[in-house]
1. Going through segment 161-196 one residue at a time, which ones are open to solvent by less than 10 Å² (accessible area, probe 1.4 Å), out of contact with any helix residue (DSSP H, G or I) (no Cβ under 7 Å at 6 or more places or on another chain) and farther than 19 Å from Cys144 by Cβ?
2. Looking at segment 27-52, I want the residues that are under 19 Å from Gly132 (Cβ atoms) and have a partner that is hydroxyl-bearing (Ser, Thr, Tyr) and assigned to a helix (DSSP H, G or I) with Cβ atoms under 7 Å, at least 6 apart or on another chain. Which pairs are those?
3. Collect the residues in segment 152-173 that are modelled with pLDDT of 95 or more and touching a strand residue (DSSP E or B) at 6+ places or on another chain (Cβ under 8 Å), keeping them in residue-number order.
4. Show the residue pairs meeting these rules: Cβ distance below 6 Å; 6+ apart or different chains; first residue within segment 202-227 and under 25 Å from Glu273 (Cβ atoms) and open to solvent by less than 60 Å² (accessible area, probe 1.4 Å); second residue part of a loop (DSSP other than H, G, I, E, B) and basic (Lys, Arg).
5. If you go through segment 67-88 one residue at a time, how many are touching an Asp or Glu at 6+ places or on another chain (Cβ under 9 Å) and either β-branched (Val, Ile, Thr) or without any contact (Cβ under 8 Å) to a residue 12 or more places away in the chain (or both)?
6. Take the residues in segment 282-318 that are β-branched (Val, Ile, Thr), over 16 Å from Pro255 (Cα atoms) and surrounded by fewer than 24 Cβ atoms within 10 Å (Cβ to Cβ), then tell me which one is nearest to the chain's Cα centre (by Cα).
7. Out of all the residues in segment 30-44, which are at pLDDT 95 or above and crowded, with 18+ Cβ neighbours inside 10 Å?
8. Please state which one of Ala89, Ala112, Ala69 is under 15 Å from the mean Cα position of the chain (by Cα) and either under 22 Å from Ala307 (Cα atoms) or not acidic (Asp, Glu) (or both).
Amino acid sequence: MEHWAGMIDPLQRWREFGEKPDFAGLPSFSGMPYTEDPADLAGVDVAIVGAPTDDLVSDRPGARFGPRAIRAAGCPPGPHLEAGIDGFAELSVVDYGDAPVLPADPAATHEAIERTVGEALDAGAVPIVLGGDHGIAEPDIRACAARHGGRVGLVHFDTHTDTGAEVFGVEVSHGTPMRRLVEAGRVDPARYVQIGLRGYWPGEEEFAWQAERGIVSLFMHDVRELGIDEVVERAAARVGAGPVFLSVDIDVLDPAFAPGTGTPEPGGMTSAELLRGCRLLASRLELVGAEVVEVIPTAVGSADITALAAERVVREIVTGIALRRR
């Protein structure tokens, strides 16, 4: 057994340095410490929260498996090679587990999500929520608004506006949350910017409603013609100072980069554009919460390119927060 002399103790490295392969151990986000105890949130900068629900989808289901897939698509933390900073080393980040959702009861599920996100906020952490369908924007943003003056600004990456009055006759849907939040006074429409819109929904009624309230829509042709840096510049200028929520529907990406989503639409953003946009916005704005939603996993671990893109969105947001605080 002499050839084992001086061998590295892997358990020691796991415990002391957090060095483990991404396919091993508890699938917490990026191997960050995992807790479900609010007492453990003291001093935490960012709390990752899962919201595994898709009861409000109008097309393809499966986003309830998104949080697990996003965690499984992670990799060990390290410095961001472009930004020159390791957000996970600069900030205290924990995985706060999943909200205790109740299948087939979206009202109870949303209450549970709002309560769980609120626990992170009460501890002073920025919650980043892994969806789940886009209906979770309601409890996510309600929790943030309640603790930041009653309403917040919103930057919203999406193919669709999600400002329908109803979808298939239903008022509470993944296609209606932003309208409901504006009408409830939780989102300031004068500080609300949509990015990446394209396709065939919604129609004139929804855009007329938005225009009356001063909501800014930047379409995919704006992203192509202006470039992502200028789009970010315009969005940041419009939102201005004050608390802001960042909502990312993964279907803003072209299906070439995110095929696993409920309502894919060709002609979307590249992963590079979205990742840079999220990092720049998080580095410039007073971000009080964020979410990435509508991931329907189609493979396991990092082979799932949609979950991989969503996982990197979270990393870019964490990097941006670290840059702003530095």
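The values are calculated or read from the model by the stated rules, or taken from the named source; none is laboratory data. Note that the coordinates shown come from a computational prediction; the quantities given were computed from them, not determined experimentally. With ideal geometry, Cβ positions are generated from the backbone for all residues, glycine too; neighbour counts draw on all protein chains shown. Accessible surface is based on the protein model in full, side chains and every heavy atom, while ligands, DNA and RNA are left aside. Shrake-Rupley method; radii C 1.70, N 1.55, O 1.52, S 1.80 Å.
1. The answer is Gly175, and nothing else.
2. Val49/Thr116
3. Of everything in segment 152-173, those that are modelled with pLDDT of 95 or more and touching a strand residue (DSSP E or B) at 6+ places or on another chain (Cβ under 8 Å) turn out to be Val152, Gly153, Leu154, Val155, His156, Phe157, Asp158, Thr159, His160, Thr161, Asp162.
4. Close Cβ pairs satisfying both conditions: Met220/Arg198.
5. The total comes to 3.
6. Applying the filter and picking the extreme gives Val288.
7. Leu41, Val44
8. Values: Ala89 fails: under 15 Å from the mean Cα position of the chain (by Cα); Ala112 fails: under 15 Å from the mean Cα position of the chain (by Cα).
Matching residue, one of Ala89, Ala112, Ala69: Ala69.
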